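A.B. asks: Have a look at this one.
The values are calculated or read from the model by the stated rules, or taken from the named source; none is laboratory data. Note that the structure is a prediction, hence the values are computed from the model and not measured. Note that each Cβ is placed from the backbone with ideal geometry, even for glycine, and that neighbours are counted across all protein chains shown.
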Amino acid sequence: MEKQPLYEGKAKQIFAADNPGEYIVYFKDDATAFNGLKKGTIADKGVLNNKISSFFFKLLGEKGIPHHFIRMISDREMLVKELKILQVEVVVRNIAAGSLAKRIGWEEGTKLPSTVLELYYKNDELGDPLINEYHIEAMGLATKEQVKTMSEYALQINSILSTYLKDKKLELIDFKLEFGVHNGEVILGDEISPDTCRFWDTETGQKMDKDRFRRDLGNVEEAYQEVLQRLTGEVL
Ligand code: UDP
């Protein structure tokens, strides 16, 4: 009998691992956008996102950011620490794009004079609404201390990744992080990939992320491939 996932999301499945306290994350090729209204698949996305996320987790670990990644166990699977995911999505933005550009009426591509950090309630039924630390406290989603820790890590991650990516001729426009609790500590979970970040080529401005799927720009798989190649030199 096929192993049943403990949890299945839009792009990933989570399985129990042999060791208690560990999970296996399986990356699928399925892609969704606009809160599940648009559905499709991107060839090899699971493999690419597993490899790209693994690369970023390793890089962040070396820079002192605690995370759930243990190791890759196959092209589409990574072994991770079991986490109790906090139902808060942390978004960091350097350049106005997507929902922020719409909300504040700034043209997409406008550089933000200072970094913007946003918190969203991770709830598909409600379409992940924007919330603040007062909502989080009142709703019991996380403690004040946990929000502070997540925010500090998120800003550190922004500076580590922005610097790293600039060297690879990629501009980090914005990204989303999820954190969880492991042994009482808040650590980084989920994934960091072109599904969860916006990357623009620094020279051409070309979008190298999931916006190619969201907006039907074509060459979606090629863009994900290019991100992996710029990061690790690997070609699938
Ligand atoms: N994002 C994500 N999951 C979500 C919502 C956003 O990974 O459920 C990422 C998205 O890829 C982008 C950043 O968070 O890098 C900011 O997204 P935005 O709020 O602009 O929303 P979108 O335009 O994607 O609806």
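A.B. asks: Tell me which residues, restricted to segment 1-19, are in contact (Cβ under 8 Å) with a residue 40 or more places away in the chain and not hydrophobic (A, V, I, L, M, F, W, C).
C.D. replies: Taking segment 1-19 and keeping what is in contact (Cβ under 8 Å) with a residue 40 or more places away in the chain, we get 11-12, 17.
Selection gives LYS12 alone.
A.B. asks: Here is a further query. What number of residues within segment 112-142 satisfy the criterion of being farther than 24 Å from PHE34 by Cα, touching a strand residue (DSSP E or B) at 6+ places or on another chain (Cβ under 9 Å) and polar (S, T, N, Q)?
C.D. replies: Within segment 112-142, residues that are farther than 24 Å from PHE34 by Cα, touching a strand residue (DSSP E or B) at 6+ places or on another chain (Cβ under 9 Å) and polar (S, T, N, Q) number 1.
A.B. asks: Of all residues in segment 190-210, count the ones that are more than 13 Å from the ligand (Cβ to nearest atom) and either surrounded by 24 or more Cβ atoms within 10 Å (Cβ to Cβ) or in a strand (DSSP E or B) (or both).
C.D. replies: Residues flagged as more than 13 Å from the ligand (Cβ to nearest atom) and either surrounded by 24 or more Cβ atoms within 10 Å (Cβ to Cβ) or in a strand (DSSP E or B) (or both) within segment 190-210 amount to 1.
A.B. asks: Now a separate question. Do you know which residues across segment 100-119 are within 9 Å of the ligand (Cβ to nearest atom) and either exposed (fewer than 15 other Cβ atoms within 10 Å of the Cβ) or more than 15 Å from CYS197 (Cβ to Cβ) (or both)?
C.D. replies: Of the residues in segment 100-119, the ones within 9 Å of the ligand (Cβ to nearest atom) are 100-103, 118.
Answer for segment 100-119, where residues must be within 9 Å of the ligand (Cβ to nearest atom) and either exposed (fewer than 15 other Cβ atoms within 10 Å of the Cβ) or more than 15 Å from CYS197 (Cβ to Cβ) (or both): ALA101, LYS102, ARG103.
A.B. asks: Quick check: anything in segment 69-76 of a type in the set (S, T, N, Q) and either within 16 Å of THR196 (Cα to Cα) or in a loop (DSSP other than H, G, I, E, B) (or both)? Walk me through how you get there before you give the answer.
C.D. replies: Taking segment 69-76 as the starting set, the residues that turn out to be of a type in the set (S, T, N, Q) are 74.
Applying the additional criterion that residues be either within 16 Å of THR196 (Cα to Cα) or in a loop (DSSP other than H, G, I, E, B) (or both) yields none.
No, the conditions are met nowhere in segment 69-76.
A.B. asks: Out of everything in segment 165-189 that is farther than 14 Å from ALA223 by Cβ and basic (Lys, Arg), what residue ends up being surrounded by the fewest Cβ atoms within 10 Å (Cβ to Cβ)?
C.D. replies: In this case the residue turns out to be LYS166.
A.B. asks: Report whether or not GLU145 is away from the ligand (no atom under 11 Å from the Cβ), under 26 Å from ASN35 (Cα atoms) and of a type in the set (D, E, K, R). Full working, then the answer.
C.D. replies: On the way: away from the ligand (no atom under 11 Å from the Cβ): yes; under 26 Å from ASN35 (Cα atoms): no; of a type in the set (D, E, K, R): yes.
Considered against the rule, which asks whether it is away from the ligand (no atom under 11 Å from the Cβ), under 26 Å from ASN35 (Cα atoms) and of a type in the set (D, E, K, R), GLU145 comes out as no.
A.B. asks: Within segment 89-99, is even one residue in a loop (DSSP other than H, G, I, E, B), modelled with pLDDT of 95 or more and more than 25 Å from GLY21 (Cα to Cα)? Break it down into steps so the answer makes sense when it comes.
C.D. replies: Start the filter on segment 89-99 by keeping residues that are in a loop (DSSP other than H, G, I, E, B), which leaves 96-97.
Narrowing further to those that are modelled with pLDDT of 95 or more: 96-97.
Still in the list and also more than 25 Å from GLY21 (Cα to Cα): 96-97.
Yes, segment 89-99 contains at least one residue that is in a loop (DSSP other than H, G, I, E, B), modelled with pLDDT of 95 or more and more than 25 Å from GLY21 (Cα to Cα).
Matching residues to (1) in contact (Cβ under 8 Å) with a residue 40 or more places away in the chain; (2) surrounded by 13 or more Cβ atoms within 10 Å (Cβ to Cβ); (3) within 19 Å of the chain's Cα centre (by Cα):
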position: GLU145; (1), (2), (3): no, no, no
position: SER162; (1), (2), (3): yes, yes, yes
position: ALA223; (1), (2), (3): no, yes, yes
position: GLU226; (1), (2), (3): no, yes, yes
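A.B. asks: A further question on this structure: When you scan segment 2-11, do you find a residue that is in contact with a helix residue (DSSP H, G or I) (Cβ under 6 Å, 6 or more places away or on another chain) and modelled with pLDDT of 95 or more, even just one? Even if it seems obvious, please write down each step before you answer.
C.D. replies: At the first step, the residues of segment 2-11 found to be in contact with a helix residue (DSSP H, G or I) (Cβ under 6 Å, 6 or more places away or on another chain) are none.
No - not one qualifying residue is present in segment 2-11.
A.B. asks: Take ASN50 and decide whether it is surrounded by 21 or more Cβ atoms within 10 Å (Cβ to Cβ) and either under 16 Å from LEU177 (Cβ atoms) or within 19 Å of the chain's Cα centre (by Cα) (or both).
C.D. replies: Details: surrounded by 21 or more Cβ atoms within 10 Å (Cβ to Cβ): yes; either under 16 Å from LEU177 (Cβ atoms) or within 19 Å of the chain's Cα centre (by Cα) (or both): yes.
Yes; evaluated as a whole, the condition is true for this residue.
A.B. asks: Mind counting the residues in segment 40-56 that are of a type in the set (Ser, Thr, Tyr) and part of a helix (DSSP H, G or I)?
C.D. replies: First, pick out the residues of segment 40-56 that are of a type in the set (Ser, Thr, Tyr): 41, 53-54.
Going one step further and asking which of them are part of a helix (DSSP H, G or I), we end up with 53-54.
Qualifying residue count for the region: 2.
A.B. asks: From the set of residues in segment 53-99 that are β-branched (Val, Ile, Thr) and away from the ligand (no atom under 13 Å from the Cβ), which is nearest to ILE136 (Cα to Cα)? Break it down stepwise before answering.
C.D. replies: First, the residues of segment 53-99 that are β-branched (Val, Ile, Thr): 65, 70, 73, 80, 85, 88, 90-92, 95.
Imposing the further condition that a residue be away from the ligand (no atom under 13 Å from the Cβ) reduces the set to 65, 70, 73, 80, 85.
Working: ILE65: 23, ILE70: 29, ILE73: 35, VAL80: 26, ILE85: 14 Å.
Here the answer is ILE85.
A.B. asks: Tell me yes or no: at least one residue of segment 129-140 is part of a strand (DSSP E or B) and within 12 Å of the ligand (Cβ to nearest atom).
C.D. replies: Start the filter on segment 129-140 by keeping residues that are part of a strand (DSSP E or B), which leaves 130-131.
Those still in the list that are within 12 Å of the ligand (Cβ to nearest atom) too: 130.
The answer is yes, given that some residue of segment 129-140 is part of a strand (DSSP E or B) and within 12 Å of the ligand (Cβ to nearest atom).
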